[in-house]
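To keep things clear, I will list the structure first and then write my remarks on it.
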Amino acid sequence: MKKLLLIMTILLLFAVSAPAQERVVRVAFPLQYGFSEFDDSGNLGGYTWEYLEKLAEFNGWKCEYVKIASGDINERLTEAYRMIAEGEVDIIGATMYRPQLSHLFLYPKAPYATVYTRLSALPGTYREKNLSNFLDGHFKIAAKQLSDYRRRELELFLPHSAYDYEIIECGKGEDQMRALKEGRADLLMDVTANTSNGLIEVSRFAPWPTFLVVNNDRPELLEELDDGMAKLSATFPRLQLTLYEKYFADKPLSYFESGPERDYINKKTSVRVLCIEKGAPYVFLDSEGNQRGISVELLKSFSDAAGLELEFKTVSPETDVRLLAESGYYDVIAGVTSALERVTGAGYIKTVPHSRVESVLFANEGYFDANKKVKTMAAIRGSKEAEWHKGVGLRLCDSVEEALMAVASGGADFGVGNSRTVDFYISQNRFDVRVLPSGKNYELGYVVCGNENLPLLAMLNRYIETIGNDELYNVMTGVFNYSEKNPIELFIRRNPTLVTALFITFCLITLAAATLFVFHHRETERNALLERANAAKSDFLSRMSHDLRTPMNAIIGLSETDGDGRGGGELRRDMENINSAGKYLLSIISDTLDMSRMDSDKMTLRPVAFTLGELRKDITNIISQQAAAKGVFFTASAPEVDLEQPYMADKTRLEQILINLLNNAIKFTPKGGSVTLTLRTDKEWETTRLTAIVKDSGIGITPEFQEKMFEPFLLDAERQAGASGGTGLGLSIVKKLTELMNGSVECRSAVGEGTEFTVNLPLPTADEQPPRGEEREEKQPEADFAGCRILLVDDHELNIIVAERLLEKFGFLVDTAANGQEAADKFLAGEPGRYNAILMDVRMPVMDGLEAAKLIRASQREDAEKIPIIAMSANAFAEDVQISRAAGMNEHLSKPIEPDKLLETLAKFIKKAEDSPDA
């Protein structure tokens, strides 16, 4: 009897735990702008596809999409209706309610989308096509043949009692466009479910509910549809709005939506911008007198979107800015924070910040002299920092550049400024100073003057809030790549006394002796400048590495923990894609920032075992989204290639080569063009040779630029005129890495016909180097961390969240501290042996991790010497590892932290501490 009960219990458990079987639902999928889209590679997209994929998660459906591509849109829809009426498919989307259609299929209780009737105009004339301008005049609307129902809609929106208009009836959309371009019509009438054809939306009216409809013989499927849509609406209330904005929203109107804003744009001849110079990299004049900087470039981008002209006026920092602002002439003021702080009070309103940046100290050796009681600070005149002079001397300066000059020359011991401005002027002037974190941060935006400019303030705020990371990064890169074009002029301007002495000496001594002297002297100066420049560059790269790795730690950590078995299948896939792209981006950041290693040819390859199937998948995940955003068709194929054969090579570098080429291809291919990646393999003796071909239908490369395109920092001016961003490093990195991997890269291109890059690389099979493959597959030692207590020290809240989730998942008890002083206090206040290990960030306010580790090691606690202290830092250079160990830390892990590496390290040191004789 007991055995029978046991068997029944086991069967019951199996029945309960068995996953529900997915049910196949066939969906008619006619190619239709915005709603149902697909390319030649079978990639699906569109409003209907995204909505159904999310709905399927609630209903346990597996949607099979029956693609319909032949014929025009009416023929495709007719075929879809036939298929659902005859039972060949179960569901079709993008269907409006019509009584005459209700006998063909079943309508659910609620629509899943809404489309609108819209009136559009040509881009060059849309500002003049505001409907209020037509109240007193006659205008014409190009429309397809209208039913009585559609005429009533138009009459309700534009009553003839108020508007004098006529309908120009057209056969097809092409006829409507022709009427608009030929001036026979002022506006075009269609629905938002159609492509905009580059037109600008003027008005939108008559919302049409749009339904997913079900086969007439499937009432049970209709019940599931109603139930799933109700759950979806309750849990994702903004899904329909999000999808509409993604596929149908009219982007050019996003910055100027209200009537007052459109009136402001129509009336404003130009926006007058007061620029306070010497505020690089945000606002400054270049050597040719042109206004440049991050704040300037963002304003130009905004003005292009809003259709506003900009008029720049530049003044020096010592100018009375408030007096100029009160004149009422200027609309916007741009400059660094210390300059904008001089304009305060009613009527001068700061926008939301477009940049948040770290505050730093810059100091000379006098700052570190402990015997010097009174130190002198260089502060910007009128800034908040000028009020910090208690206990120190004060030297007022008009700009950060002047403050740096004072510190470098010994006129002050230290100064304060935002890190990007300090970095810029150090790189331009080769100032010999030390840069230290201050623990504070700056926010930088604009000041808008006067109540009459409130519409401009609203538009600017909306624009700033929509600036993408890519756009901000491209602007920053372009500004930081700027340097004076004439190095001789720069040298003379910065060293007038030295140049004068050299000139007199050259005139007094013989030509041969003078030539020898000048040559020797300049070589000495050049070496000194290079040493200082390298020191400044290393310091800049270290802090930039820290600033970039800190957010990447959160992106990669959260995508790993949030994607680990939680949420639906689509969420997990998205998290995997985010994680994969994040890790790739991290590798590019690391190698791009380590410029000194690349320049000195010290880069080494790290071979790992991988397959070409994995390579193609990873590249597709990264590139397909970029191509879709640009409107470029992308395909990756590998004909007659064994995608499961393992090879041994540096996969990250190989991805970097191909993605650099693909990024360029997408960048210089117009919307509607195509980009392809083709992988082929050929056996050569004992080695396989990979041939990767990146081909595009873009604008092509001139023969002149092809001769020098692999040189670093060179940009093709003609091609860049039609594209955004670019540092000129992409192709040089491709060339360098290809040669490092014993391969070659070739280019074939013709202007207007596209470009084809061919990369040839040797690929040893993984079996030829088994030790490396085995090392990669070693599993981390299993360890029981239940009850182990960790002291986690970090000043970034997101880093704390990521690390806590990971540690608690494996049984750790976690205490946290926000800086080194708090960590040392917690350790010393606890009983000996309370903590099994300390995870310590390095760069923190109040007290950094290095000082905290020294303080803990120097204490008289019995466990102070043996407790494992592991650095977890975004400082990732080799010298950073040495500094951490010199401070008494056992190990240095670079952020973003790899979970396996962290757990392996903890297991190693906690076990070692437990095995110690003193434990």
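Hey, rough spin-label estimate for residue 236 and residue 384, points 7 angstrom out along Cα→Cβ, what's it come to in nanometres?
According to this spin-label approximation, the distance is 4.2 nm.
Report the accessible area of residue 314, computed with a 1.4 Å probe over the heavy atoms of all protein chains in place, in Å² rounded to the nearest 10.
40 Å²
Mind listing the long-range amide H neighbours of residue 361? Cut-off is under 5 Å, sequence gap 5 or more, other chains count too, H placed in the peptide plane at 1.01 Å from N.
Here 436, 438 satisfy the definition.
Would you please give the residues with an amide H less than 5 Å from that of residue 116, counting only those at least 5 places away or on a separate chain, with H modeled from the backbone geometry?
The list, which skips near neighbours in sequence, is 192, 193, 208.
Using DSSP, restrict attention to beta bridges with both residues in the range 204-358 and report what percent are antiparallel, rounded to the nearest 5.
Here the antiparallel bridges make up roughly 25 percent for the range 204-358.
Subtracting the Cα-Cα distance from 0.36 nm times the residue separation, let me have the gained length for residue 151 to residue 195 in nm, one decimal.
13.6 nm
Starting from the Cα of residue 452, step 7 Å along the direction of its Cβ; do the same at residue 316; then give the gap between the two resulting points in nm.
Going from the residue 452 label point to the residue 316 one covers 3.1 nm.
Tell me the net charge near residue 848. Cut-off is 11 Å between Cβ atoms, residue 848 excluded, with +1 for each Lys or Arg and -1 for each Asp or Glu.
Neighbour charge sum, excluding residue 848 itself: -1.
Over the Cα atoms of the range 208-324, compute the convex hull volume and normalise it per residue, giving Å³.
So the per-residue Cα hull volume is 198 Å³.
Would you mind getting me the FRET efficiency between residue 285 and residue 708? Use the beta-carbon distance for r and R0 = 41 Å, nearest 0.05.
Between residue 285 and residue 708 the formula returns 0.90.
Please find the FRET efficiency linking residue 637 to residue 467, where r is the Cβ-Cβ separation and R0 is fixed at 45 Å, and quote it to the nearest 0.05.
Given R0 = 45 Å and the Cβ-Cβ separation, E is 0.80.
Got a number for carbon plus sulfur as a percent of the range 604-672's accessible area, 1.4 Å probe?
Roughly 51 percent of what the probe reaches on the range 604-672 is carbon or sulfur.
Grab the beta carbon distance between residue 182 and residue 858, set R0 = 60 Å, and tell me the FRET efficiency rounded to 0.05.
On the way: r = 85 Å, r/R0 = 1.42.
The value I calculate is 0.10.
Can you pull out the trypsin sites (Lys or Arg not before Pro) in the range 619-699 whose DSSP state is coil and whose Cβ has at most 11 other Cβ atoms within 10 Å?
Passing both the DSSP loop test and the Cβ count: 671.
I'd like the trypsin sites (Lys or Arg not before Pro) in the range 381-426 restricted to DSSP loop residues with at most 12 other Cβ atoms within 10 Å, sorted by number. Can you show the working numbers first?
Values: sites: 381, 384, 390, 395, 420; in loops: 381, 390.
The qualifying sites are 390.
The values are calculated or read from the model by the stated rules, or taken from the named source; none is laboratory data. Here the structure is a predicted model, which means the values were calculated and not measured. FYI the Cβ positions are ideal-geometry reconstructions off the backbone, even for glycines, and counts take in every protein chain you see. Surface accessibility is based on the protein's heavy atoms, side chains included, excluding ligands, DNA and RNA. Shrake-Rupley method; radii C 1.70, N 1.55, O 1.52, S 1.80 Å.
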